[in-house]
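Here's the structure, in structure tokens; my notes come after.
Just so it is clear, none of the values below were taken in a lab; they were calculated from the coordinates. Since we're looking at a predicted model, the values are computed, not measured. Here the Cβ positions follow ideal geometry from the backbone for every residue, glycine too, while neighbour counts run over all protein chains shown.
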Amino acid sequence: MKDKEGQIIDYLSGALSPEECKIVEEAIARDPEMKTLLSEYRSLDGAMLEMPHERPSAGLQNRFDAFLESQTTEEAQVISMPKKSYRILGYAASIAVLVTVGVLFGLNYAKSDIISHKDSELVSIREKLNMLKDEESVSSRIQAVNVAYDLKEVDPEVVDALLKFMKEDESANVRLAAVEALIDLGAIVKVKDDMLERLKVEEDAFVKIALIQGLAELKEERAGSVLDNIIEDEMSPVYIKDEAHKAKHKLNQI
């Protein structure tokens, strides 16, 4: 069987049949490592699409072109690779661009003026969040969500911003990041109320699973009826029903 990373790459690149997609989605739901890989590759794809058009210097570009050419030559000398493997090389080349050229996140975050160590000391968490919450870039909005992990104590304004991300952001990746940050803040009544309501309407499978697991972790007993609805819904995927069953079992032990 293809390794986990290969499965994720094929899944994201649209190379799988509907049946194969379902198998991979079920595997992702069960395997935290695959879930992490999916999030990382989704973020990479989104960031690549959002990369500004600024170009590196001619010298740097020439050095990088030479590097790619040498790598391609070496690969050709070692083995003739199947067609699907070129997608893996494509991702590897993308990562090489990030590391070698330093363009992608350097340009995005330099514009936000919040990534340097100096800025992280000078700018408050609220200010960071407010600077990035309305950015068009998905990676910037995820960065806004992640500043919540710097909280020493719960801040109502930050909590409200995270809840807004969870309920309204068009990106499933941003909503997922917001759910995880909210769970990390602990059992706050308003958070549990809004997570419970979001679970009823959330359509993305991975965000839905995060909400189910989060409500169980936060010991929200009121989630029982919503979990029952998910379990009884004939349209619910099996792997989501499984998560609902696990959550109900965990809540019943409280």
**OP:** Give just the number: which of (1) among the β-branched types (Val, Ile, Thr); (2) surrounded by fewer than 17 Cβ atoms within 10 Å (Cβ to Cβ); (3) closer than 16 Å to Ser39 by Cβ does Ile209 not satisfy?
**Re:** (2)
Subject >> The listed residue being crowded, with 19+ Cβ neighbours inside 10 Å and closer than 25 Å to Glu221 by Cβ, out of Ala181, Ala148, Ala144, Ala187 >> reply: Ala181
Subject >> Test: Ile231 is assigned to a helix (DSSP H, G or I), free of Cβ contacts under 8 Å to residues at least 24 places away in the same chain and not acidic (Asp, Glu) >> reply: yes
